[in-house]
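For reference, the structure is listed below as structure tokens.
The values are calculated or read from the model by the stated rules, or taken from the named source; none is laboratory data. Remember, predicted model here, so these are calculated numbers, not experimental data. Because the Cβ atoms are built from the backbone with ideal geometry, glycine has one as well, and the counts that use them run over all protein chains shown. Note: accessible area is taken over every heavy atom of the protein model, side chains too, but ligands, DNA and RNA are not part of it. Shrake-Rupley method; radii C 1.70, N 1.55, O 1.52, S 1.80 Å.
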Amino acid sequence: MSKVQSVKSEFVPQVRAVCLANYIEVVSQLGVDPYALLRKARIRPEDLNDADSRLAASAVVRLAEETVRESRCDALALLMVEPRNFAALGPISLLLQHRGTLRGAVESLVKHQRLLGDLMDYALDIEGDMATIRGDILPGYGSRQIVEFAIGLLFQTLRELSNGRWQPECIHFRHSAPADMRIHKRFYQCPVQFDSDFDGIICAAETLEIGNRAANEVMARHAEQCLELYAGPRPVATVAEQVRRVIFATLSRGNVTMDSVADKLSLHPRMLQRLLEKEGATFAALLNEIRRELAVRYLGTSSHSVTDVGLLLGYSTLSSFSRWFTIEFGKSPAAWRSAERGLPLFERDYRHPAKFDILDPICA
């Protein structure tokens with residue numbers, strides 16, 4: 001086992017308990033017993049009383065999917081986010097409220113996102129007059145509810161920081177639309193595109209320059225210093241993590257190669273290869289890992305045809321995609337979709353030796 005694989009298998013992702021702050025109230029209103037569902041997910045109700053306590057991310061994913069199954073409410077994540085304000089983000093909210101512009105707030109959120117938990121990976125990309133804020137989720141945890149919670153929380157935060165003056169062009173989700181869109185329309189009040197090629201928000205770049213009336217850069221610097229002390233030294237993103245992010249962001253736009261990723265990272269391809277080798281990783285393995293993750297998400301939660309899924313994963317022909325998928329999963333894409341679609345994330349057949357490396361034993 002490589003060094004990278006060894007570290008990964010010992011890593012148990014966690015999220016702050018505040019993500020379930022109003023879970024009991026929301027689920028009760030849906031006519032379902034929240035305490036029974038918490039017990040089933042092995043989460044103690046008293047664990048929710050301390051916003052900063054940490055919960056196993058796999059338990060939260062399981063809880064969300066079981067709750068949707070029992071309540072038949074696909075908009076659970078938005079109902080959880082809707083009554084919140086950005087103070088629920090925890091200590092980082094002290095910094096965000098004093099940044100001069102929304103762009104500054106987003107950049108701070110990206111910089112300190114690990115304070116929110118281990119699942120979310122926000123990234124800001126500005127090209128020309130448009131800005132894209134992506135919300136990628138740790139591979140193996142990208143269920144509909146987790147994705148919608150992450151994007152909904154980001155949307156809610158920016159709306160509140162701007163006193164309602166900021167409005168995006170469109171919200172994007174890789175998964176398909178729910179049968180009932182009323183809650184999504186009420187919450188976002190802007191176009192929402194499902195079956196997209198990324199999860200996130202697109203807005204005019206100039207809208208991120210909206211000023212924060214409560215901004216105080218002196219206070220922002222103080223808050224930044226406090227966060228540094230609170231969080232301790234930030235782990236430097238490994239080269240493998242940086243490569244994963246680039247692949248996630250560019251895979252659907254065309255053929256992703258070592259050369260194209262190296263160019264994005266301002267590295268020579270041979271230097272990138274050597275750096276990955278030092279971490280016990282390879283470009284081919286990282287690309288394959290992300291293709292597996294996205295294949296499961298697209299086939300399991302979106303309405304994309306099998307051909308379109310292949311194109312989104314960088315395959316130019318259906319036959320090449322089907323051949324790769326059959327080798328990886330033991331059955332054709334169509335057969336896998338037929339057998340697995342509709343199953344909760346933790347019940348799907350990944351057909352991989354490390355299937356449970358990314359899930360703690362609660363889901364095994």
Check your understanding: When the accessible area of the stretch 168-257 is split by element with a 1.4 Å probe, what percent falls to carbon and sulfur?
Key -> 55 percent
Practice item. Go through G140, S162, G152 and say which Cα lies farthest out towards the positive end of the charge dipole of the stretch 97-170; charges sit on Cβ, +1 for Lys and Arg, -1 for Asp and Glu. Key: S162
Practice item. Of the DSSP beta bridges with both residues in the stretch 125-204, give the percent that are antiparallel, rounding to the nearest 5. Key: 85 percent
Check your understanding: Leaving out ligands, DNA and RNA but keeping every protein chain, what accessible area does I202 have, in Å² rounded to the nearest 10, with a 1.4 Å probe?
Key -> 40 Å²
Review point. Using a 1.4 Å probe, what is the accessible area per residue for the stretch 95-176, in Å²?
Key: 29 Å²
**Study point:** Probe 1.4 Å, all protein chains present, accessible-area order of M181, M271, largest first
**Key:** M271, M181
Check your understanding: Going by accessible area, probe 1.4 Å, with all protein chains left in place, what is the ranking of V81, V12, V246, largest first?
Key -> V12, V246, V81
Exercise for review: Per DSSP H run of at least 4 residues, take -39500 (n - 2.57); add these up for the chain, divide by its residues and hand me the 222 nm value, nearest 500 deg cm²/dmol.
Suggested key: -14000 deg cm²/dmol
Point to revise | Cα centroid separation - the stretch 239-259 against the stretch 109-177, whole Å | key: 19 Å
Check your understanding: How far, in nm, would the chain grow between D50 and M181 when pulled straight, counting 0.36 nm per residue and subtracting the alpha carbon separation?
Key -> 43.9 nm
Exercise for review: Give me the percent of the accessible area of the stretch 1-152 that comes from carbon and sulfur atoms, probe 1.4 Å, all protein chains in place.
Suggested key: 50 percent
Exercise for review: Quick one: dipole size for the chain, taken about the Cα centre, charges +1 on Lys/Arg Cβ and -1 on Asp/Glu Cβ, in debye to the nearest 20.
Suggested key: 460 debye
Check your understanding: When the Cα atoms of the chain are enclosed in a convex hull and the volume is divided per residue, what value in Å³ results?
Key -> 144 Å³
**Study point:** Proximal lysine pairs, the chain, alpha carbons under 28 Å, eight or more residues apart or interchain
**Key:** 16
Check your understanding: By average Cβ neighbour count within 10 Å, what is the ranking of 32-40, 147-155 from highest down?
Key -> 147-155, 32-40
